[in-house]
Ligand code: ZN
């Protein structure tokens, strides 16, 4: 079931989320709703606070299938990438944000089992972006500058 996405300006996006301790039906329904909401909005990631739940839960799909992350922590990073980034909670805007090129995240799955996932390029960017949400951080806090429509047109001309 799709849930409503909270937008920038709402205090709920600025809270530190609590760890998830119970891996029960309530979590599974949240994960299902978060995936539904992300796909419907055509996003590549969604964090629980974006649907008003202040828990450390994230879903990501950059085109290689759904990844569910409970209590995710970035355990290593490598390199740097710089590029355009948006957010379902910041509609119609994009910013130029520097992120690690590669990250490894340790998290728990829907049953509480620990696992690690390593992502490069877009997946690395997405993991960093979503995990920031769990600490009340938006990409707009970290961007070098806002990307305007003219900038995007220039980008297209280069291609
Ligand atoms: Zn976001």
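The number of residues in the stretch 120-151 that are more than 16 Å from the ligand (Cβ to nearest atom) and either touching a helix residue (DSSP H, G or I) at 6+ places or on another chain (Cβ under 9 Å) or part of a strand (DSSP E or B) (or both) comes to 2. Could you identify the single residue in 33, 10 that is within 15 Å of the ligand (Cβ to nearest atom) and modelled with pLDDT of 95 or more? Exactly one residue qualifies, and that residue is 10. Within the stretch 75-97, the residues that satisfy the criterion of being away from the ligand (no atom under 16 Å from the Cβ) and surrounded by 14 or more Cβ atoms within 10 Å (Cβ to Cβ) are 77, 81.
How about the stretch 98-114: which of its residues are surrounded by 13 or more Cβ atoms within 10 Å (Cβ to Cβ) and assigned to a strand (DSSP E or B)?
Hits for the stretch 98-114 are 98, 99, 102, 103, 104, 105, 106, 107, 108.
Beta carbons closer than 6 Å, at least 6 apart along the sequence or on distinct chains, pair a first residue in the stretch 118-133 that is within 10 Å of residue 58 (Cα to Cα) and touching a residue at least 60 places away in the same chain (Cβ under 8 Å) with a second that is assigned to a helix (DSSP H, G or I) and more than 9 Å from the ligand (Cβ to nearest atom) for 133/49.
The values are calculated or read from the model by the stated rules, or taken from the named source; none is laboratory data. These numbers were taken from a predicted model, which means no experiment stands behind them. So basically every Cβ, Gly included, is an ideal-geometry build from the backbone, and we count neighbours across all protein chains shown.
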